[in-house]
Amino acid sequence: MYMFNVAEKEIALSEALAISEVFKMHLHESETQMSLFIKALANYIERNSIHNPSEVLQAVNNHLVHGNSQQALQRVLIHMVTVGMEAETLNTKVYSTGDVARFFGVSIATIHNWIALGRFDGIEKGERYKQVRFPENAIYTAPTGMKSVLSEVAKRYEDEQTRIGRNKEMTAAEEMAEIFKAVVHFEKKYGGTFEATLGKKTDLTPEQSRDAIQWSSLLQSVERKWD
């Protein structure tokens, strides 16, 4: 990974601003196409950021809604460059929801529930409930109040897997099986598919609303893996 001193960081940020200015002339000719490009970058940030990117994504969306693609692009580029130069980000390992479920020995649906309950400090779901990324320094708080750093939980899991001779990463097929198990859990709970149950209801209880978001997220994960 590349490391940056203060002067190099200033140069990189200046280039991000310059690039957005260069695109400004092009925007008048293809506003719609540029908007799609910016939305793709915003999706990348949402799916891969170890920080909560909701503030920058909201700002980008506001700029796009008001037809200001140049400002939206500028905000995206500055965010990406800034995050890319953070030493903490460069050295921080990131885990998927499937990884974390495996470390704790629970289902992916349970991890979603824990996020909704605030068990992981600083880990939140965005409005569209896209895939979550857990930095290794995330803190998990148990119902008893005991706190654990995720990297420590991962280390204990890996040590145990090594001890019993199962120190292999979860395969794509195994992760998909876990996702399907979580989907089946919700289908049994509500007696049908998402589209036939919570997907068509408008007056959801708080529990149903939370389940609907989690269920929808799982189905989106299935679609992404089959694409």
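Quick check, is L57 modelled with pLDDT of 80 or more and more than 13 Å from Q74 (Cα to Cα)?
no
Residues of region 1-15 that are at pLDDT below 80 and closer than 12 Å to G84 by Cα: M1, Y2, M3, F4, K9. Within region 170-183, the set of residues being of a type in the set (A, V, I, L, M, F, W, C), part of a helix (DSSP H, G or I) and either more than 30 Å from Y157 (Cα to Cα) or open to solvent by less than 60 Å² (accessible area, probe 1.4 Å) (or both) comprises M176, A177, I179, A182, V183.
Check whether at least one residue in region 112-123 is among the hydrophobic types (A, V, I, L, M, F, W, C), at pLDDT 85 or above, open to solvent by less than 40 Å² (accessible area, probe 1.4 Å) and outside any helix (DSSP H, G or I), and report yes or no. Looking through region 112-123, at least one residue is among the hydrophobic types (A, V, I, L, M, F, W, C), at pLDDT 85 or above, open to solvent by less than 40 Å² (accessible area, probe 1.4 Å) and outside any helix (DSSP H, G or I). Residues in region 199-212 that are out of contact with any Gly (no Cβ under 9 Å at 6 or more places or on another chain), more than 22 Å from G105 (Cα to Cα), assigned to a helix (DSSP H, G or I) and open to solvent by less than 70 Å² (accessible area, probe 1.4 Å): G199, Q208, S209.
The values are calculated or read from the model by the stated rules, or taken from the named source; none is laboratory data. This structure is a prediction, so every number in the text was calculated from the model and none was measured. With ideal geometry, Cβ positions are generated from the backbone for all residues, glycine too; neighbour counts draw on all protein chains shown. Keep in mind that these areas ignore ligands, DNA and RNA; they rest on the heavy atoms of the full protein, side chains included. Shrake-Rupley method; radii C 1.70, N 1.55, O 1.52, S 1.80 Å.
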